[in-house]
Each structure stands twice: as structure tokens, then as C-alpha cells.
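Asks: Okay, here's the structure, questions in a sec.
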Amino acid sequence: MGKQKRIEKPKIRHMASLWSLTGYGGKKGEWTVDEKMARIKKAGFDGFLGRVPVVTSELVAKHGLIFAATVDMGLAKEVKPKLKAIQAAGARCVNVQMLDHDTPTKRAVSLARRIMNTAEDLEMDVAIEVHRDTCTETPEKAYALAAGFEKAEKKLLKMTFDFSHPAVIKHLAPSNYWPRLAERVDLIQLAQQFHFRPFNGHHAQIPACNGKGGLTPEFLDWLPFAEQVIETWLGVAGSGREMFVCPEQGPPGYFLSVFPDRWKDVQTIRDEVDKLWRRQVRKWKGTA
């Protein structure tokens, strides 16, 4: 008999965005990228989100954190050079914010095919993000892109899900988060990168902490949706698969003046999501 393959439970990788630490610093000014990465590691995160060339292979090696790169893509000729630069910096996975809000689907499909085929050639884990001011700005555009890619390539398009943008576009109530945002469960299950910025139907970013040692009602309304995403993803996750989760809380443009400390919020979201993960992973019935 052959040696039985070991089955390992899926893993959650808690990621923090360098973007969330924008504006943080001390008497000498804003922290450097090096200092921000040190803070991320000290806070107990597995990795971080950032961009090349600000993030270098030397910094990644120094801090021992998983690097999830974010990159803008708009032209076919820049796909390979940008991906190779990211690969050289030591990124584990790549999140692409692609084209513009008014890009026709036909062009978006063409560029997505170039990106994903190049990523396959380079043996890189790349996904296209559902994000504002890109060709996936609305659910209709995002799913049209996914459908066009699937028709052309005969396989699903790997996407990064940030559900906050479509939730605001559709002005959803908590009872409708899952039915309206999980239109393509198969794409959610294929995805590995999730930007878990808490939201409601009117704000793409809501605070987790109420400033009094507790959690906000809006954040509590959001948590069941996050758990349903995790449960659904785990439903088809194979042995040792990784889910990269970033509790993004952004600087000006996303938060209001009455918000509590963003960095504390990020850590609170991480801790609450980890509780959801632990509860759901105990139910996981894995296969090799």
C-alpha cells in the first residue's frame, strides 16, 4: 500500500495593509515602510499588503511576513514586467486593480486573459479585485468580466473580493448582504484573497470599536456575513489551502472624523474574524 497523504486543515492568513497605517508616526514624522512592517509583525499578523517598488525583497526577508502585492494594470505591455518585479520582491499572491470604471467588458476580458495566462506561465497566484473605479466597479461589470473570461478560457476567473464596494452601490440592508453579494458562490470559493473591510449599505467602511471598550452595532450586523463567506469557502477547501484575509480600514476618503483609532480597529476586526474562522474550521471535513 502507498503512503497515505497527510490531510492538513485549511489556514487563515491574517494580513494587514500598509495603507491602513497611512499617517501614523511619531515626533520624527510618519513611520517608514520598514517601521510599519515591524508594527504589523508585532501586532501578530501573518503578512501585509503593499506595492512594489516601495516594498522590496530585502524588507520582505527582514521581517519574515507574507507579502500580498497590489498592482494597477491598464496595458497589456506592462503585465509581464510588473508581475516579474512583484515576483522578484517575494510576493506570495498578487491582487490586480484593473483598468477604469468605464472600460468596456470586451477590453477588460482581453486584459484579464493576458494577466492570468502570464501569471500561469510565471507560476504566480494572481487575482482580479472587485473594486471601485476599475472595470469591476459594479457587480454587473464584475460578473460580466467573469463570464467573458470563463467563456474564452473555459475556466473560472480568480478574483479578490472586497464586498464593501458593491454593498454601498446597492444600498443593502444586513438581511440582504448574503443573497445580493454572493451571486457567484463558485467565484467566492475559488478566491483566496478577501478584503474584510466592515461595511453597511451606506458606508464602505464602518468602525468596529465603539470607543467604550465594545463593538459597534453596525459591525455586529456585518459579522454574520463574514462568517457565511468563511463557511462557504471552507465548504470546498482542500487540504492545506490558505485564505488570505485583510481587515482593511483606510485613511481619509474612507473614515470619518468620528472614527476611533484605525489601527486598533484593524486588530479588533482581525481578532473577531479569527473567532469566526476557528468556529467554522472545526466543522471542516477535509479531503487531500
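The values are calculated or read from the model by the stated rules, or taken from the named source; none is laboratory data. Remember, it's a predicted structure, so these values are computed and weren't measured experimentally. Neighbour counts are summed over all protein chains in view; Cβ atoms, including those assigned to glycine, are modelled from backbone coordinates with ideal geometry.
Asks: Name the single residue that is farthest from A69 (Cα to Cα) among those in the stretch 13-46 being surrounded by fewer than 17 Cβ atoms within 10 Å (Cβ to Cβ) and acidic (D, E).
Replies: E30
Asks: Still on this structure: Can you pull out every residue in the stretch 260-288 that is touching a Cys at 6+ places or on another chain (Cβ under 9 Å) and surrounded by fewer than 17 Cβ atoms within 10 Å (Cβ to Cβ)?
Replies: Residues satisfying the conditions are D261, K264.
Asks: Can you say whether S110 is in a helix (DSSP H, G or I), outside the structural domain of H63 (by TED's automatic domain parsing), small (G, A, S) and out of contact with any strand residue (DSSP E or B) (no Cβ under 8 Å at 6 or more places or on another chain), as far as the supplied structure shows? Can you show your working first?
Replies: Values: in a helix (DSSP H, G or I): yes; outside the structural domain of H63 (by TED's automatic domain parsing): no; small (G, A, S): yes; out of contact with any strand residue (DSSP E or B) (no Cβ under 8 Å at 6 or more places or on another chain): yes.
So S110 does not fit the description; no.
Asks: Quick one: count up the residues across the stretch 53-79 that are farther than 18 Å from A38 by Cα and either in contact (Cβ under 8 Å) with a residue 40 or more places away in the chain or in a strand (DSSP E or B) (or both).
Replies: 4
Asks: A further question on this structure: Please go through the stretch 183-239 and give me each residue that is β-branched (V, I, T) and over 14 Å from D265 (Cα atoms), ordered by number.
Replies: Scanning the stretch 183-239 gives V185, I188, V229, I230, T232, V236.
Asks: Can you tell me which residues in the stretch 1-52 are within 20 Å of the chain's Cα centre (by Cα), in a loop (DSSP other than H, G, I, E, B), of a type outside the set (D, E, K, R) and farther than 15 Å from R262 by Cα?
Replies: P10, G44, F45, V52
One line per residue, one yes/no per condition, for (1) of a type in the set (D, E); (2) in contact (Cβ under 8 Å) with a residue 40 or more places away in the chain; (3) in contact with a Gly (Cβ under 8 Å, 6 or more places away or on another chain):
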| site | (1), (2), (3) |
| --- | --- |
| S239 | no, yes, yes |
| C246 | no, yes, no |
| D265 | yes, yes, no |
| D274 | yes, yes, no |
| W277 | no, yes, no |
| W284 | no, yes, no |
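Asks: Sticking with this one: Within the stretch 113-151, which residues are in contact (Cβ under 8 Å) with a residue 12 or more places away in the chain and either in contact with a Gly (Cβ under 8 Å, 6 or more places away or on another chain) or at positive phi (or both)?
Replies: D133
Asks: Restricting the search to the stretch 114-132, which residues are out of contact with any strand residue (DSSP E or B) (no Cβ under 8 Å at 6 or more places or on another chain) and either assigned by TED's automatic domain parsing to the domain that holds R180 or under 28 Å from R197 (Cα atoms) (or both)?
Replies: Correct list: R132 only.
Asks: Looking only at residues that are modelled with pLDDT of 95 or more and of a type in the set (S, T, N, Q) in the stretch 211-247, which one is surrounded by the most Cβ atoms within 10 Å (Cβ to Cβ)?
Replies: T216
Asks: Within the stretch 105-114, identify whether any single residue is in contact with a Leu (Cβ under 8 Å, 6 or more places away or on another chain) and closer than 27 Å to A16 by Cα, and answer yes or no.
Replies: From the stretch 105-114, those in contact with a Leu (Cβ under 8 Å, 6 or more places away or on another chain) are 105, 107-109, 111-112; that's our starting set.
So of that shortlist, the ones also closer than 27 Å to A16 by Cα come out as 112.
Yes: one or more hits.
Asks: Shifting gears a bit: Among (1) more than 24 Å from R241 (Cβ to Cβ); (2) of a type in the set (K, R); (3) buried (at least 20 other Cβ atoms within 10 Å of the Cβ), there is one condition R197 misses while meeting the rest; what is its number?
Replies: Condition (1) is where R197 drops out.
Asks: For T103, state whether it is surrounded by fewer than 23 Cβ atoms within 10 Å (Cβ to Cβ) and in a loop (DSSP other than H, G, I, E, B).
Replies: Working: surrounded by fewer than 23 Cβ atoms within 10 Å (Cβ to Cβ): yes; in a loop (DSSP other than H, G, I, E, B): yes.
Yes.
Asks: Out of K170, K151, which single residue is exposed (fewer than 15 other Cβ atoms within 10 Å of the Cβ) and either of a type in the set (D, E, K, R) or under 16 Å from the mean Cα position of the chain (by Cα) (or both)?
Replies: Numbers: K170 fails: exposed (fewer than 15 other Cβ atoms within 10 Å of the Cβ).
Only one candidate qualifies: K151.
Asks: In this structure, does T118 turn out to be more than 20 Å from K80 (Cα to Cα), surrounded by fewer than 20 Cβ atoms within 10 Å (Cβ to Cβ) and of a type outside the set (A, V, I, L, M, F, W, C)?
Replies: no
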